[in-house]
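Since the structure comes first, as structure tokens, the remarks are kept for the end.
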Amino acid sequence: MDPADGLLDHPYDVYRRLRDTAPVHSIAGPDGTPAWIVTRYDDVRAALADPRLSVDKRHATAGTYKGFSLPPALDANLLNMDPPDHTRIRRLVGRAFTTRRVEQLRTPIRRTADQLLDALGPHGTADLVAAYAAPLPITVICDLLGIPEQQRLDFRVWTDTLIAPDPARPEAAKEAVVAMLGYLTQLLVDKRREPADDLLSDLIAVRDEGDRLSEDELMSLAFLILFAGYENTVQLIGNAVLALLQHPEQLADLREDMSQLPTMVQEFLRYEGPALLAIRRFPVEDVTIGGVTVPAGETVWVSLSAADRDPARFPDPDRLDLARDASGHLALGHGIHYCLGAPLARAETEIAVAALLERFPELTLADKDLRWRRSLRARGLVDLPVTYAQKNS
């Protein structure tokens, strides 16, 4: 029996077993290829910052990694780069996601949240993923980049297909990549012809005037910002709302004092973060992790969610505690690959939860039989059916 059997269905039970028995395990990936999984907090945190663990697939031993491959025009992104290229590109785009810049976005984010809630009507039932948690981050990141409104639904469908591919349609992921590449190619043409006040136009100017980005790097960066800006936040918003609905006493406490929300978002991230695993890594030399030697070139999975449920770091970790100091959680990574959009994701979640709770004092789960995405990368709900009622409705 593989030690990670059942990971998709019962991740926290599997992680508990793995942490209790050994710091690092040799397992079989979904495609049958061998990998190593790291689950304890101290080991995960150290691994995330270890320069010997490369994210560049060129360091993988031939035949040991068969991950889904993107075309070169989308693959030259920060998730596949080590310094110095990673440092150069992250510096170019980092200014768009500073805390100061995100503060300037709070008003338009709240406006979008209110518009989405207006569309729900004063009372009834709804799928909060489809009606709220998904369209909010799509709107925010597309506004930031300058993506025309008519293409946003297509992009959401393509991204959802890549997050959790349908085993019955293995060709769907490739079709989504082809469609996305075609769209981004034309979008760059359009932005070059008619630049606007948006991030994508700024990046094109960097590419064309300063020559600090290759064309593949430009395309890949646009893809990554769109993909990650949507993926992490839709999961986080949905997971946060679910956690509150499953813990009515803590939901009541939050309603009494909404000023606690920014701190509570950190606990939402720790308790049910948007990803089970960090991006895979490949040792450039034999590396010892938790006393286990991992040979150079083999695939290493570093589990963010296992680390954040490690009782050695967070007492009683399987309990949601909105009064907990959850600082130091690893849900958005650590080290040089710490999530570039972390301030934006936290702000969107804070605003989304606040707007929802202020609008609907009566909000309950409509179905307790929840469906989670079948994905090792994304930890998020397929849908979140709720019954709601507005103030004075």
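The values are calculated or read from the model by the stated rules, or taken from the named source; none is laboratory data. None of these values were measured; they are calculated from a predicted model. With ideal geometry, Cβ positions are generated from the backbone for all residues, glycine too; neighbour counts draw on all protein chains shown.
Points worth noting:
Conditions tested, residue by residue: (1) among the charged types (D, E, K, R); (2) part of a helix (DSSP H, G or I); (3) free of Cβ contacts under 8 Å to residues at least 60 places away in the same chain.
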residue: Pro311; (1), (2), (3): no, no, yes
residue: Pro315; (1), (2), (3): no, no, yes
residue: Arg319; (1), (2), (3): yes, no, yes
residue: His329; (1), (2), (3): no, no, no
residue: Pro343; (1), (2), (3): no, yes, no
residue: Thr349; (1), (2), (3): no, yes, no
residue: Ala352; (1), (2), (3): no, yes, no
residue: Leu357; (1), (2), (3): no, yes, no
residue: Thr364; (1), (2), (3): no, no, no
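- Single residue of region 94-130 satisfying the filter (part of a helix (DSSP H, G or I), more than 30 Å from Val206 (Cα to Cα) and hydrophobic (A, V, I, L, M, F, W, C)) that is nearest to the chain's Cα centre (by Cα): Val129
- Qualifying residue in region 291-298 (condition: buried (at least 21 other Cβ atoms within 10 Å of the Cβ), among the β-branched types (Val, Ile, Thr) and either closer than 14 Å to Leu376 by Cβ or touching a residue at least 60 places away in the same chain (Cβ under 8 Å) (or both)): yes
Yes/no per residue for (1) surrounded by fewer than 20 Cβ atoms within 10 Å (Cβ to Cβ); (2) of a type in the set (A, V, I, L, M); (3) modelled with pLDDT of 95 or more; (4) in contact with a helix residue (DSSP H, G or I) (Cβ under 6 Å, 6 or more places away or on another chain):
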{"residue": "Ile351", "(1), (2), (3), (4)": "no, yes, yes, yes"}
{"residue": "Ala355", "(1), (2), (3), (4)": "no, yes, yes, yes"}
{"residue": "Lys368", "(1), (2), (3), (4)": "yes, no, no, no"}
{"residue": "Arg371", "(1), (2), (3), (4)": "yes, no, no, no"}
{"residue": "Ala378", "(1), (2), (3), (4)": "no, yes, no, yes"}
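- Checked against (1) of a type outside the set (Asp, Glu); (2) over 27 Å from Asp316 (Cα atoms); (3) part of a strand (DSSP E or B), Val302 passes all but a single condition, namely (2).
- Filtered by the rule that a residue be buried (at least 18 other Cβ atoms within 10 Å of the Cβ) and either closer than 15 Å to Arg377 by Cα or of a type outside the set (Val, Ile, Thr) (or both), region 1-17 gives Ala4, Leu7, Pro11, Tyr15, Arg16.
- Comparison of Arg192, Arg212, Arg169 shows that the only residue that is under 19 Å from Arg95 (Cα atoms), surrounded by fewer than 17 Cβ atoms within 10 Å (Cβ to Cβ) and not polar (S, T, N, Q) is Arg212.
- Only one of Thr99, Thr107, Thr139 that is loosely packed, with under 13 Cβ neighbours inside 10 Å and in contact (Cβ under 8 Å) with a residue 12 or more places away in the chain: Thr99
- Scanning region 247-260 for residues that are in a helix (DSSP H, G or I) and either more than 16 Å from Glu362 (Cβ to Cβ) or among the acidic types (Asp, Glu) (or both) returns Glu249, Gln250, Asp253, Glu256, Met258, Ser259, Gln260.
- Residue, nearest to the chain's Cα centre (by Cα), within region 382-393, restricted to residues that are buried (at least 22 other Cβ atoms within 10 Å of the Cβ) and within 13 Å of Leu242 (Cβ to Cβ): Leu384
- Ile336 vs. criteria β-branched (Val, Ile, Thr), part of a loop (DSSP other than H, G, I, E, B) and surrounded by fewer than 23 Cβ atoms within 10 Å (Cβ to Cβ): no
- In region 18-34, the qualifying residues are those that are over 15 Å from Ala307 (Cβ atoms) and without any contact (Cβ under 8 Å) to a residue 24 or more places away in the chain, and the one that is surrounded by the fewest Cβ atoms within 10 Å (Cβ to Cβ) is Gly32.
- Which listed residue is buried (at least 18 other Cβ atoms within 10 Å of the Cβ), more than 24 Å from Thr39 (Cβ to Cβ) and modelled with pLDDT of 95 or more, from Leu254, Leu304, Leu244: Leu244
- Helices (runs of 4 or more DSSP H) completely within region 142-237 that count 2 or more residues being modelled with pLDDT of 90 or more: 171-193
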